[in-house]
1. Once label points are set 7 Å from the Cα along Cα→Cβ at both MET123 and SER10, what is their separation, rounded to one decimal in nm?
2. Quick check: Cα centre of segment 28-105 to Cα centre of segment 112-129, how many Å?
3. Report, ordered by chain and residue number, the lysines lying within cross-link reach of LYS110, taken as a straight Cα distance under 19 Å and ignoring same-chain residues fewer than 8 apart.
4. Based solely on its DSSP helices, what 222 nm [θ] is calculated for the chain when runs of n ≥ 4 H residues each add -39,500 (n - 2.57) and the sum is averaged over all residues, nearest 500 deg cm²/dmol?
5. Please calculate how many Å² of accessible area the chain carries per residue, with a 1.4 Å probe and no DNA, RNA or ligand atoms counted.
6. How big is the shadow of the Cα convex hull of segment 63-123, averaged over all directions, in nm²?
7. Full extension from GLN106 to GLU146: what is 0.36 nm times the residue separation minus their Cα-Cα distance, to one decimal in nm?
8. Identify the trypsin sites (Lys or Arg not before Pro) of segment 23-117 meeting these criteria: DSSP loop state and at most 16 other C-beta atoms within 10 Å of the C-beta.
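The values are calculated or read from the model by the stated rules, or taken from the named source; none is laboratory data. Every value quoted in this text rests on a predicted model; they were computed, and no experiment measured them. Note that each Cβ is placed from the backbone with ideal geometry, even for glycine, and that neighbours are counted across all protein chains shown. Keep in mind that these areas ignore ligands, DNA and RNA; they rest on the heavy atoms of the full protein, side chains included. Shrake-Rupley method; radii C 1.70, N 1.55, O 1.52, S 1.80 Å.
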Amino acid sequence: MTAAPVASLSLETTISELALAIGQLLRRLRAESNPDGLTWSQTMALSRLEKAGPATTADLARMESVKPQSMGATLAELEREGLVLRQSHPTDGRQVLFALTAEGVQARRKRSAAKQKWLLAAMAELDPGERQTLVSAAALIKRLSEAEPDDPRAHGRSGDGTLRDL
């Protein structure tokens, strides 16, 4: 199946194709980078702790837009696996912080290395022009992800229902 020129695709078709392609890539990256068999929720909790540092269950739940009870169950499993540990809150003795253990840091590194290894191998199969197209597309996708619904940058229309920038 040959791709139609982008200018001839309707905005709705382009959105569908883009969402499908991004979804497929994300699923493949998850599959290729899950050597330890963690769930998506567990992976995201470890990632948040790695980036933001120790946090309460409620803080992590808010960051991930899940219920505190769900995050509590996720953290309990990660604690059983030895990937996180509890710490006293420095200013509020009623609260508990969760932090990555050395094993948790190692699990994150292993996952990241597996993802990068697969992506490097996959991208090595592309010609230089295709790789440059991906670099350009990555910048546009990042811009789309940061745009607010009322932001004109999110509406790259040319006036005829097709995308101007993609």
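1. Placing both labels 7 Å beyond Cα along the Cβ direction yields 3.5 nm.
2. Answer, in whole Å: 28.
3. Within reach: LYS51.
4. Working: 6 runs with 98 residues, N = 166.
Only helices count here, giving -19500 deg cm²/dmol.
5. In whole numbers, the chain has 68 Å² accessible per residue.
6. 5.9 nm²
7. On the way: separation 40, 0.36 × 40 = 14.40 nm, distance 3.02 nm.
Roughly 11.4 nm would be gained on extension.
8. ARG94
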